[in-house]
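Trainee: So that we are looking at the same thing, I have put the structure below in structure tokens.
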Amino acid sequence: MSKSVAVIVGAGPGVSAGVARKFGSEGFKIVLLARRQESLDEQVSALQKENIEAVGITADASKSESLTAAFTKIKSEYGVPEVLVYNAGANSINNPSVLTEQELLNDFQVNVAGALVSSQQVIPEMIERKSGTILFTGGALALNPVVSRASAAISKAGLRNLTFTLAEELAPQGIHVGTVTIGGVVKAGTFFDPEAIADAFWNLYEKRDTNETLFKPE
């Protein structure tokens, strides 16, 4: 019996690595998407050493045609994903009065438009089979903006709203959409350890009882 596929867009050594290990340890085949082949090779190797089936595909989350091509390859070679985790992010550090239009648009393209495009690559098949899960890596900047992170705050607010609108639209089709809204700096050995955050993603997938997990200390 073939394994269910979990795709992680924006694969890196932090949150996505923790999510990949968690879902992989639960029996998923992991497909990682990132821009750099070298980084993908390192992450795939690390997962395989833990007996997790994993592959990497290069893709640029800022370019819709790159994402479309990557998902076409995934569906052709590995099957339609059961889970999509969108973790790609961009963050221009500037106060809003000096943030350029292009910086804002570039960040929004990666943080929100890329999430939308990636979702649209799996939604039709998920609707057809009446099952599937789409999860986004959110941030507390959506709730509590910071001046020097204005671009990221705007993007994370957009991503959060995308989560809730998609969730409302797709719930009747058996598709669960959610976000883990991370309220701090991700760092191993702290409250915001990637492994702990990965558990929050898994709980959203398994329980399907909420569209948002606010990951911060009580």
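Trainee: Please pick out the residue among E77, E82 that is more than 18 Å from V117 (Cβ to Cβ) and either free of Cβ contacts under 8 Å to residues at least 24 places away in the same chain or basic (K, R) (or both). Show your work before the answer.
Mentor: Details: E82 fails: either free of Cβ contacts under 8 Å to residues at least 24 places away in the same chain or basic (K, R) (or both).
Among E77, E82, only E77 is more than 18 Å from V117 (Cβ to Cβ) and either free of Cβ contacts under 8 Å to residues at least 24 places away in the same chain or basic (K, R) (or both).
Trainee: For segment 73-106, which positions are over 30 Å from A150 (Cβ atoms) and touching a Phe, Trp or Tyr at 6+ places or on another chain (Cβ under 7 Å)?
Mentor: First pass over segment 73-106, keeping only residues over 30 Å from A150 (Cβ atoms): 73-83.
Scanning segment 73-106 gives a single hit, V83.
Trainee: Looking at segment 163-179, can you tell me whether even one residue there is within 21 Å of K216 (Cα to Cα), surrounded by fewer than 22 Cβ atoms within 10 Å (Cβ to Cβ) and in contact (Cβ under 8 Å) with a residue 12 or more places away in the chain? Walk me through how you get there before you give the answer.
Mentor: Start the filter on segment 163-179 by keeping residues that are within 21 Å of K216 (Cα to Cα), which leaves 163-164, 177-179.
Imposing the further condition that a residue be surrounded by fewer than 22 Cβ atoms within 10 Å (Cβ to Cβ) reduces the set to 164.
Still in the list and also in contact (Cβ under 8 Å) with a residue 12 or more places away in the chain: 164.
Yes, some residue in segment 163-179 is within 21 Å of K216 (Cα to Cα), surrounded by fewer than 22 Cβ atoms within 10 Å (Cβ to Cβ) and in contact (Cβ under 8 Å) with a residue 12 or more places away in the chain.
Trainee: What is the one condition in (1) within 14 Å of I154 (Cα to Cα); (2) surrounded by fewer than 20 Cβ atoms within 10 Å (Cβ to Cβ); (3) touching a residue at least 60 places away in the same chain (Cβ under 8 Å) that G89 does not satisfy?
Mentor: All conditions are met except number (2).
Every read-out reported here was derived from the displayed coordinates using simple, explicitly stated rules and does not represent laboratory data. Predicted, not measured: the structure shown is a model, and the values here were computed from it. In this analysis, Cβ positions are derived from the backbone assuming ideal geometry, glycine residues included, and neighbour counts consider all displayed protein chains.
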